[in-house]
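What follows is a set of notes on a single structure, which appears directly below.
The values are calculated or read from the model by the stated rules, or taken from the named source; none is laboratory data. None of these values were measured; they are calculated from a predicted model. Neighbour counts are summed over all protein chains in view; Cβ atoms, including those assigned to glycine, are modelled from backbone coordinates with ideal geometry.
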Amino acid sequence: MEESLNLFTSTQVVIKEALSKLGYGDEMYELLKEPLRMLTVRIPIRMDDGSIKIFTGYRSQHNDAVGPTKGGVRFHPEVNEDEVKALSMWMSLKCGIVDLPYGGGKGGIICDPRSMSMGELERLSRGYVRAISQIVGPTKDIPAPDVYTNSQIMAWMMDEYSRLREYDSPGFITGKPLVLGGSQGREKATAQGVVICIEEAAKKRGISVEGARVAVQGFGNAGSFLAKFMHDAGAKVVAISDAYGALYDPNGLDIDYLLDRRDSFGTVTTLFDNTLTNEELLELDCDILVPAAVSNQITAANAHNIKASIIVEAANGPTTLEATKILSDRGILLVPDVLASSGGVTVSYFEWVQNNQGYYWTEDEVTEKLKKVLVQAFDNVYQTSQQRKVNMRLAAYMVGARKMSEASRFRGWV
């Protein structure tokens, strides 16, 4: 059998299995296997040289039975419809796992932001909001930052939406700058969530985080914050990598020095001579492995060679279904992406709540609330995996799918 590297089809496979374990019939799978709504838009933008370029954008709304949909917008040359659909389904699962009153959404524009000026990016951001404005809003669908989008892009999008509606709508979008109603702690929330999951997984395995050897694949937003958090917690970060290679030191790397030297895209390995490949990093001798880069890194080809006893997925879909089975059979504790990377959407929810009530929390309050939500979610998934004798990925999908399935049933949809 050919190993499936398509995120959309492999997501459907696990959702189907989760629903059947929960005792739902085929109708529920038919409802949840595809997004309820998928909008494709074409956005004409005047470029700096005076020419007009037409960009294609997407917004997927997977299921709004629980509440408004929620999810990021990515700017990337390889954005495509299947990816946006799969990611919106994952957002539904994440919201179910951390028990938020949301369904999943996701958006994207096919573009290369690295080759665009600030003016072009602003016009594109505003054009996208105008194109999707009919189906989004604080009570319909709330966007957020994702790959190659940031708080400045969120600010332009919020301003455009507020102009269209003719009133200030901070609750339309999350991940905004603090002065425009952003939340304390939003930027590092995803990495903080991963760290909480690492700590909980280490407890279950009787490993102390202090002194544990950690390898982090990826040194972008999530990976760099993660390496720093683990380093500060007393762990030995023995390896990190970027798109060009990996750095390894069995005694632990100087993370502060590397953070200081990296460029705005997280690149640092080009400054060193002795580098490993990303593939070699995954097979290093370590206690905890954190894939925080791109999808399909751990496959049936290398899953047998992994030495870590805990894997915590910070990236989207870094482990294939075939590899997940091999790792589970080997007794490795794999904390899946839909649980591990749910810190971002949790603090996005906190931001939306603060916008809605016009009352803002301190960073300590945000961190405390985040920890409470994620420890509860981790326990819930872990208990499900133990009681139902399934791996953590299937357990997470079962927990995540239960809420939207019940909401859909109560609404009389199925």
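Summary of values
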{"quantity": "Segment 255-314, residues that are of a type in the set (K, R) and more than 15 Å from V238 (Cα to Cα)", "calculated": "R261, R262"}
{"quantity": "Test for E120: is it in a helix (DSSP H, G or I) and touching a Leu at 6+ places or on another chain (Cβ under 8 Å)", "calculated": "no"}
{"quantity": "Test: residue in segment 150-166 that is assigned by the TED database to the domain that holds I306 and aromatic (F, W, Y)", "calculated": "no"}
{"quantity": "Selection count, segment 382-402, where residues are within 14 Å of L22 (Cα to Cα) and either touching a residue at least 12 places away in the same chain (Cβ under 8 Å) or not small (G, A, S) (or both)", "calculated": "14"}
{"quantity": "Count - residues of segment 159-169 that are crowded, with 20+ Cβ neighbours inside 10 Å and either in contact with a strand residue (DSSP E or B) (Cβ under 6 Å, 6 or more places away or on another chain) or within 19 Å of Q357 (Cα to Cα) (or both)", "calculated": "0"}
{"quantity": "Residue ID - farthest from R388 (Cα to Cα), chosen from residues in segment 18-71 that are of a type in the set (K, R) and surrounded by 21 or more Cβ atoms within 10 Å (Cβ to Cβ)", "calculated": "R59"}
{"quantity": "Matching residues in segment 187-212 - criterion: being touching a Phe, Trp or Tyr at 6+ places or on another chain (Cβ under 6 Å) and assigned to a loop (DSSP other than H, G, I, E, B)", "calculated": "K188"}
{"quantity": "Residues satisfying the stated conditions in segment 164-197, i.e. closer than 15 Å to S151 by Cα and more than 19 Å from the chain's Cα centre (by Cα)", "calculated": "P170, G171, F172, P177, L178, V179, L180, G181"}
{"quantity": "Evaluation of E83 against (1) under 30 Å from A407 (Cα atoms); (2) at pLDDT 95 or above; (3) buried (at least 21 other Cβ atoms within 10 Å of the Cβ) (one fails), failing number", "calculated": "(2)"}
